[in-house]
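Let me begin by presenting the structure, written as structure tokens, before commenting on it.
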Amino acid sequence: MKFFSTRNSSNTVGFRQAALTGLAPDGGLFIPEEIPQFSPAVLQSLGTMDFRDVAVETIHPYVKDDIPHSVLEDLAVSAYPFFAPLISVGDRMMLELFHGPTAAFKDFGARFMARAFSYLRRGEDKPLHILVATSGDTGGAVADGFFNVEGINVTVLYPKGRVTPLQEKQIAGLGGNISAIAVEGSFDDCQALVKAAFADEELKKMLELSSANSINISRLIPQAVYYAASAGIAFAGRTNSDGEASPRNEFGKRYISQDRTFAVSAGKPIMFCVPSGNFGNLTAGLYAMKMGAPIRGFIAATNINKTIPDYLENGIYEARQSKATLSNAMDVGAPSNFERMKTQWSYEELKTMIQGAFVTDDETRFCIDSVYKQYGYYLDPHGAVAWNAVDQLMVKDPSIAGPLAVLGTAHPSKFSETVEPITGEIPLHPALKDVMKRTVLSKLIPVNLESLKAELVSNK
Ligand SMILES: *Cc1c(COP(=O)(O)O)cnc(C)c1O
């Protein structure tokens, strides 16, 4: 499988280069030259396969020139000691993507990427040094994904005082091969410092630098896995494994009534509603659909940063400044993966696969409240945006009725400051309990390249 840049289709590279360089030299994003197809045998058994096996079947065609099947199997086992339960809440399904160590769906991409990097760089004598700026969530997932991964050191820059205490412990509490730097400035300052470091000739000579940001194709492809797995499960009319469908789902009243919902979904392709920011998650869903997984379409749910819903409505793409909302991981005015979407599919094709809707903060709060009152289920603000988008579209377009899953991208306890005033206290995600016990081990630096360089060299 070759990958080419969204800005120049004649320059192709293999998976290894696409993953390790992240961005194409012309500034474009790497996309696969074709979407592979699941074999009929795999499609037959998607609904009964182990999650890790679905991961191998989904990812292998993209990486097979660089990662052998048996290595990929080990990689999937090591990356995914958790999976993505599909449960029912009322007459909808929730695809819970928050059972990984940082309680957000970014674990699926980051953990695979880290292990893929380590394998692709085996035998190199210099460690790879990953430098990443974060406004909060990405840093935690990347730090955790790469923690203790051989041959790789990570430095995360975050704006001092502007991430939550939990996020700071996720970023700066691991130690080992993960270094954290608190910058006396904003997220934009952190990003500018990272950019300056990548351009610095002296650093380039001393360190093997790489980035691990969300546009990396090796983070995107593994996100297709949970779509394929859950579409297969719903199509087969199965539960994930009855009582264990959500093994960690200890909160709330008993709302699980899988039998009814799953019987209804048997033999029918599913629709997913995806709470979206940079649109990596939704793009991965399109890959799973095009690979042949039984998916009938998508809803792109955003907060008031509604660049894509507007585009789907009128065909005009207009990037904007982002506005702050309760679902802050989706505060994106210029979604980076739009470049992938528009290069791979025309506006007409996108319209047949995706419907858009946007949700305000008031609607988000209202939705957390009403879903809690009706079903005893705790939605986080991102999941609530998606849930409410379905409600809105149901009124306008009854054709979306049918098996439908809302993606839960973060555990509600990660956003307790928003959720708890509405629902009352919620139990902390088990992984987050351990995180809270960590000590913050970060260095504080001013917004200054020389200070960053000194830190990087001392971590070498
Ligand atoms: C990153 C994130 C999103 C947005 O995902 P994209 O792939 O950027 O569209 C949604 N919810 C949560 C909780 C996130 O962390």
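The values are calculated or read from the model by the stated rules, or taken from the named source; none is laboratory data. What you see is a predicted model; the values in this text were computed from it and never measured. Virtual Cβ from ideal backbone geometry, glycine too; neighbours counted across all protein chains shown.
Table: residues versus (1) within 16 Å of the ligand (Cβ to nearest atom); (2) free of Cβ contacts under 8 Å to residues at least 24 places away in the same chain; (3) surrounded by 22 or more Cβ atoms within 10 Å (Cβ to Cβ); (4) assigned to a helix (DSSP H, G or I).
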residue: Tyr62; (1), (2), (3), (4): no, no, yes, yes
residue: Asp65; (1), (2), (3), (4): no, no, no, no
residue: Ser78; (1), (2), (3), (4): no, no, no, yes
residue: Gly100; (1), (2), (3), (4): yes, no, yes, no
residue: Ala116; (1), (2), (3), (4): no, no, yes, yes
> Right, Leu407: within 16 Å of the ligand (Cβ to nearest atom), under 26 Å from Pro165 (Cα atoms), at pLDDT 95 or above and not charged (D, E, K, R) or not?
Replying inline: yes
> So Met93 fits all but one of (1) within 17 Å of Asn213 (Cα to Cα); (2) in a strand (DSSP E or B); what number is the exception?
Replying inline: (1)
>> Suppose we filter the range 263-297 for residues that are free of Cβ contacts under 8 Å to residues at least 60 places away in the same chain and crowded, with 24+ Cβ neighbours inside 10 Å; how many remain?
In response: 2
>> Considering only residues that are of a type in the set (A, V, I, L, M), within 30 Å of Ala266 (Cα to Cα) and crowded, with 19+ Cβ neighbours inside 10 Å, which ones fall in the range 1-42?
In response: Val42
>> Could you check the range 136-149 and list, in sequence order, the residues that are in a loop (DSSP other than H, G, I, E, B) and at pLDDT below 90?
In response: Gly136
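Say we look at the range 268-321 and pick out the residues that are of a type in the set (Phe, Trp, Tyr) and over 14 Å from Leu393 (Cβ atoms); which of these is nearest to the ligand (Cβ to nearest atom)? Show your work before the answer.
First, pick out the residues of the range 268-321 that are of a type in the set (Phe, Trp, Tyr): 272, 279, 287, 298, 311, 317.
Adding the requirement that they be over 14 Å from Leu393 (Cβ atoms) leaves 279, 287, 311, 317.
On the way: Phe279: 5, Tyr287: 13, Tyr311: 14, Tyr317: 16 Å.
Out of the qualifying residues, it is Phe279.
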> What single numbered condition from (1) out of contact with any Pro (no Cβ under 8 Å at 6 or more places or on another chain); (2) in a strand (DSSP E or B); (3) not basic (Lys, Arg) fails to hold for Phe83?
Replying inline: (2)
> Is at least one residue of the range 283-300 touching a Leu at 6+ places or on another chain (Cβ under 6 Å) and assigned to a helix (DSSP H, G or I)?
Replying inline: yes
> Which numbered condition trips up Gln223, out of (1) assigned to a helix (DSSP H, G or I); (2) of a type outside the set (D, E, K, R); (3) surrounded by fewer than 21 Cβ atoms within 10 Å (Cβ to Cβ); (4) modelled with pLDDT of 90 or more?
Replying inline: (3)
> So is Phe108 in contact with a Phe, Trp or Tyr (Cβ under 8 Å, 6 or more places away or on another chain), in a loop (DSSP other than H, G, I, E, B) and within 16 Å of the ligand (Cβ to nearest atom) or not?
Replying inline: no
>> Given the options Asp362, Asp391, name the one that is closer than 16 Å to Val274 by Cβ, at pLDDT 90 or above and of a type in the set (Asp, Glu).
In response: Asp391
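Kindly evaluate Val395 against the criterion of being assigned to a helix (DSSP H, G or I), surrounded by 16 or more Cβ atoms within 10 Å (Cβ to Cβ) and β-branched (Val, Ile, Thr).
Numbers: assigned to a helix (DSSP H, G or I): yes; surrounded by 16 or more Cβ atoms within 10 Å (Cβ to Cβ): no; β-branched (Val, Ile, Thr): yes.
So Val395 does not fit the description; no.
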> List pairs: first in the range 123-141 and hydroxyl-bearing (Ser, Thr, Tyr), second in a strand (DSSP E or B), Cβ under 6 Å, 6+ apart or cross-chain?
Replying inline: Thr134/Val156; Thr134/Tyr158
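Okay, residues lined up against (1) basic (Lys, Arg); (2) buried (at least 23 other Cβ atoms within 10 Å of the Cβ); (3) more than 20 Å from the chain's Cα centre (by Cα):
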| position | (1), (2), (3) |
| --- | --- |
| Lys323 | yes, no, yes |
| Ala329 | no, yes, no |
| Ile368 | no, yes, yes |
| Tyr377 | no, yes, yes |
| Asp380 | no, yes, no |
| Gly424 | no, no, yes |
> For the range 325-366, what are the residues that are in a loop (DSSP other than H, G, I, E, B), within 30 Å of Phe415 (Cα to Cα) and away from the ligand (no atom under 15 Å from the Cβ)?
Replying inline: Thr360
> Within the range 343-390, how many residues are over 19 Å from Ala405 (Cα atoms) and either in contact (Cβ under 8 Å) with a residue 40 or more places away in the chain or of a type in the set (S, T, N, Q) (or both)?
Replying inline: 8
